[in-house]
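Okay, structure first, notes after.
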Amino acid sequence: MFFLRVLSRLPFPILYLFSDFLFFITYWVTKYRRNVVIMNLRNSFPEKDERTIRAYEKGFYRNLCDYSVETFKLLSISKQELKKRMKYINPEIIEPYRDKKQSVIYVTSHQFNWEWLVAAGSISLPIPVDFVYQAPSNKFFNQFTLRLRTRFGGYPIKRADVARELIRRRDIVRGVAIVADQFPGHDNDKRYWTTFLNQETAFFQGVNQLSYMTQYPVFFAKMSHPKRGYYTIELIKIAEPPYEKDNFGMIENYVKATERVIKNDPAGWLWSHKRWKKKRENS
């Protein structure tokens, strides 16, 4: 942790030089998950030629390495610097809900840089941020990521404890944030199947169940990356209560919003994840 703190205090130009070196090692030497990345890109963009796919691939690895050094930077970055680099362009959209003491749900995808998004939300948004997370098995890594995400006030909720925590904190006006595009890999995960990026894809039903259980409005955090080290977030309302139990309109709106963001910036999504490792017939 001491080494990481020292690393985090380096200025951004030096950190990005380190990221460039990390890109060389990751892309050309170790070839980290390149087979997975290229397969995912080809299947998601069958209309694109190989030259375009390779450009997306390289862009993804550059973003992944930038994400790594930017995440370390969260150990020491100031509120002012983070707010400047991760800019919420319409936080006032939440104010009417705050004024009537109404909590909300934020959903987003693994678009870079989602770690900055959670931390900056605690600074820029008019209500506190709770975030749902899956604790990794490595104790150090779990403590490290929690330290980053809670540094500016974010409140962590383990995925297994969501229902309990929502009831316990029901009188606190806040936004409950979820990165909801990963594969629902546990056997007890209820899956919602739909078409996403030209493929039949499973999503967590739990996101839809959460909106039904809370009857909170749902906002999609649309991320864009105008230049290196700078991001913008636009909050877009994608669902409004009342919700019916077996209506999946909210999750379909989330899937479409996520797909639009990825198509707008293909290199900005987490392609190294084995998102389509299971098919519907044997899932």
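If you go through segment 16-64 and keep only what is of a type in the set (Val, Ile, Thr) and outside any helix (DSSP H, G or I), you end up with just THR30.
In this structure, GLU95 does satisfy being out of contact with any Leu (no Cβ under 7 Å at 6 or more places or on another chain), assigned by TED's automatic domain parsing to the domain that holds GLY175 and among the charged types (D, E, K, R).
Among residues of segment 87-111 that are at positive phi, those with a beta-carbon under 8 Å from a residue that is surrounded by 16 or more Cβ atoms within 10 Å (Cβ to Cβ) at least six positions away or on a different chain give the pairs LYS101/VAL173. Just a yes or no: is a residue in segment 261-273 at pLDDT below 95 and out of contact with any Lys or Arg (no Cβ under 6 Å at 6 or more places or on another chain)? Yes: segment 261-273 contains one or more residues that are at pLDDT below 95 and out of contact with any Lys or Arg (no Cβ under 6 Å at 6 or more places or on another chain).
For segment 27-35, indicate whether the set of residues that are β-branched (Val, Ile, Thr), surrounded by 13 or more Cβ atoms within 10 Å (Cβ to Cβ), over 30 Å from PRO242 (Cβ atoms) and not assigned by TED's automatic domain parsing to the domain that holds PHE219 is non-empty. There is no residue in segment 27-35 that is β-branched (Val, Ile, Thr), surrounded by 13 or more Cβ atoms within 10 Å (Cβ to Cβ), over 30 Å from PRO242 (Cβ atoms) and not assigned by TED's automatic domain parsing to the domain that holds PHE219. The selection criterion, being assigned to a loop (DSSP other than H, G, I, E, B) and either surrounded by fewer than 17 Cβ atoms within 10 Å (Cβ to Cβ) or in the same structural domain as ALA55 (by TED's automatic domain parsing) (or both), holds for GLU244.
Residue selection: PHE112 fails the criterion of being touching a Gly at 6+ places or on another chain (Cβ under 9 Å), surrounded by fewer than 21 Cβ atoms within 10 Å (Cβ to Cβ), farther than 15 Å from LEU235 by Cβ and of a type in the set (Phe, Trp, Tyr). Restricting the first member to segment 220-235 and to residues that are over 14 Å from ILE262 (Cβ atoms), and the second to residues that are in a loop (DSSP other than H, G, I, E, B) and not aromatic (Phe, Trp, Tyr), the beta-carbon pairs closer than 7 Å and six or more apart or on different chains are TYR231/ASN113; THR232/ILE89; ILE233/ILE89; GLU234/ILE89; GLU234/ASN90; LEU235/ASN90. Return a yes/no flag: does segment 10-24 have any residue that is touching a Gly at 6+ places or on another chain (Cβ under 6 Å) and of a type outside the set (Val, Ile, Thr). Scanning segment 10-24, I find at least one residue that is touching a Gly at 6+ places or on another chain (Cβ under 6 Å) and of a type outside the set (Val, Ile, Thr), so the answer is yes.
Taking segment 100-121 as the range and being in a loop (DSSP other than H, G, I, E, B) and over 16 Å from SER224 (Cα atoms) as the test, the residues that pass are LYS100, LYS101, GLN102, SER103.
For the condition within 21 Å of ILE77 (Cα to Cα) and of a type in the set (S, T, N, Q), SER44 does not qualify. From the list PHE131, PHE144, PHE140, the lone residue that is surrounded by fewer than 14 Cβ atoms within 10 Å (Cβ to Cβ) and farther than 21 Å from PRO226 by Cβ is PHE140. Could you list all residues from segment 205-222 that are part of a strand (DSSP E or B) and surrounded by fewer than 22 Cβ atoms within 10 Å (Cβ to Cβ)? If the condition is that a residue be part of a strand (DSSP E or B) and surrounded by fewer than 22 Cβ atoms within 10 Å (Cβ to Cβ), then LYS222 is the only one that fits.
The values are calculated or read from the model by the stated rules, or taken from the named source; none is laboratory data. Everything quoted here is computed from the prediction, not taken from an experiment. Because the Cβ atoms are built from the backbone with ideal geometry, glycine has one as well, and the counts that use them run over all protein chains shown.
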